[in-house]
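Single-structure report; data block below.
Please treat every number below as a calculation from the coordinates, not as lab data. Owing to the predicted nature of the structure, the values given are computational and were not obtained by experimental measurement. Note: ideal-geometry Cβ built from the backbone for every residue, glycine included; neighbour counts use all protein chains shown.
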Amino acid sequence: MPSTTPKPEYLNYIPIFIFMIIAVLVPVVTLLIARFFRPSNPDKDKLMPYECGIDPEGDARQRFPVRYYIIALLFIVFDIEAAFVFPWVVIYGSQNVSVMTFLFIEMVVFFGIVIVGFIYIWKKGALKWV
């Protein structure tokens, strides 16, 4: 006759811990194995930075215009926006009316914040490529 005592709750997390251990061990073991088999003979050409087949010029610590960083940050913001919208669109049609209403209001607020930020950076001239 099987026991009717419930099993402890922490046993439900054992697969997660096993997955975490495997996720750490696979790259570590792979890198250690590769270290033993790869050749290690660096020379001047191999240690030189690679810039599209052209010999590097100037100092690596040269100054870049601030506009470069602003464009990079804008790319990240809009990339995160796209990553946030995709799951919302997938879930939106498969929920009941109250959840759909909440999701719609959430996205209106989200897009409102993004549009206000976009207008702000546009007025500041961050999108001018001069």
(request) Can you spot the aspartates and glutamates whose alpha carbon is less than 18 Å from residue 44's alpha carbon? Ignore those fewer than 8 places along the same chain. (result) 55, 57, 59
(request) Assuming a ≥ b ≥ c are the square roots of the Cα gyration tensor eigenvalues, decide whether segment 1-42 counts as rounded (a/c under 1.5), prolate (otherwise, with a/b larger than b/c) or oblate. (result) prolate
(message) Among 34, 72, 83, which one shows the highest mean-square fluctuation when the chain is modelled as a Gaussian network with alpha-carbon springs under 10 Å?
(response) 34
(request) Neighbouring Cβ atoms within 10 Å as the yardstick, rank 47, 73, 103 fewest first. (result) 47, 73, 103
(request) Using only the Cα atoms of the chain, build the gyration tensor, take square roots of its eigenvalues as a ≥ b ≥ c, and label the shape rounded, prolate or oblate: rounded if a/c is under 1.5, else prolate if a/b is larger than b/c, else oblate. (result) oblate
(request) With springs only between Cα atoms under 10 Å apart, run a GNM on the chain and tell me which of 86, 110, 17 wobbles the most. (result) 17
(message) Mean-square fluctuation check for the chain, GNM, Cα pairs under 10 Å: which of 42, 15, 87 is largest?
(response) 15
